[in-house]
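**Q** My questions all concern the structure below.
The values are calculated or read from the model by the stated rules, or taken from the named source; none is laboratory data. Keep in mind it's a predicted model, so treat the numbers as computed, not measured. So basically every Cβ, Gly included, is an ideal-geometry build from the backbone, and we count neighbours across all protein chains shown.
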Amino acid sequence: EDKVVQSPLSLVVHEGDTVTLNCSYEVTNFRSLLWYKQEKKAPTFLFMLTSSGIEKKSGRLSSILDKKELFSILNITATQTGDSAVYLCTTAPIREQGGKLIFGQGTELSVKP
Amino acid sequence: KAGVTQTPRYLIKTRGQQVTLSCSPISGHRSVSWYQQTPGQGLQFLFEYFSETQRNKGNFPGRFSGRQFSNSRSEMNVSTLELGDSALYLCASSSQGSGGTYNEQFFGPGTRLTVL
């Protein structure tokens, strides 16, 4: 059965800390992996990763995909209270082969002042 | 550019009833996907529509159905509601073309459905 597993499920840190969120996957139809941030509303897009070993970066956030070991990490440096959210990763299939997007359970990050 | 809109935002129904939720994608987006989000199961993919055709479907019973209109607006219908259908239903639109990868999806605010 296809699955996406995120760890840890929850995390509490203090402002200024650096955090690493993990996402491992076992899916039969894989094209890309996407990260989303969800606060008390709809998820917002962070990154899409398709190629292995190429880091995507946006400000204090960065992410990388390892297609050999089937995982991705999301790093947040110098965390701020505004980073508090649930971070979701999802695998997306090759459209022509059908399949569905599979989401992990999410990592709930809480950043304390 | 206006974002994805969903109506209604909140809905209370009783078991056995049916419900129709509506989603208007970002102008120019032709792909609309629907998701169910619950505390226990997280975010689960329901189905995706592109150019009025269902392209992909998740593992939900046939009580869950949808359609897309020529203007890309989409509706989702749930018949014979069960208590377990209480959830936040999100739709997302994408500028996805006729093939290839799933690109960035823009989510609407969701419809909170409560089944009593």
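**Q** Pick from A:L21, A:L33: which is modelled with pLDDT of 95 or more and buried (at least 20 other Cβ atoms within 10 Å of the Cβ)?
**A** Exactly one of A:L21, A:L33 is modelled with pLDDT of 95 or more and buried (at least 20 other Cβ atoms within 10 Å of the Cβ), namely A:L21.
**Q** Of all the strands (runs of 3 or more DSSP E) wholly in the stretch B:1-105, which have at least 2 residues that are more than 13 Å from chain A (Cβ to nearest Cβ)?
**A** Passing ranges, in order: B:10-13, B:19-24, B:64-68, B:74-78.
**Q** Follow-up. Which pairs do you get when a residue that is under 12 Å from B:S74 (Cα atoms), found in the stretch B:20-46, comes within reach of a residue that is in a strand (DSSP E or B) and of a type in the set (D, E, K, R), reach meaning Cβ atoms under 6 angstrom, with the pair 6+ apart or on two chains?
**A** Every condition considered, the pairs that remain are B:T20/B:E75; B:S22/B:E75; B:S33/B:E48.
**Q** Residue check: is A:S110 over 25 Å from A:E26 (Cβ atoms), away from every other protein chain (no Cβ under 14 Å), in contact with a strand residue (DSSP E or B) (Cβ under 6 Å, 6 or more places away or on another chain) and modelled with pLDDT of 90 or more?
**A** Taking the combined requirement at face value, the residue satisfies it.
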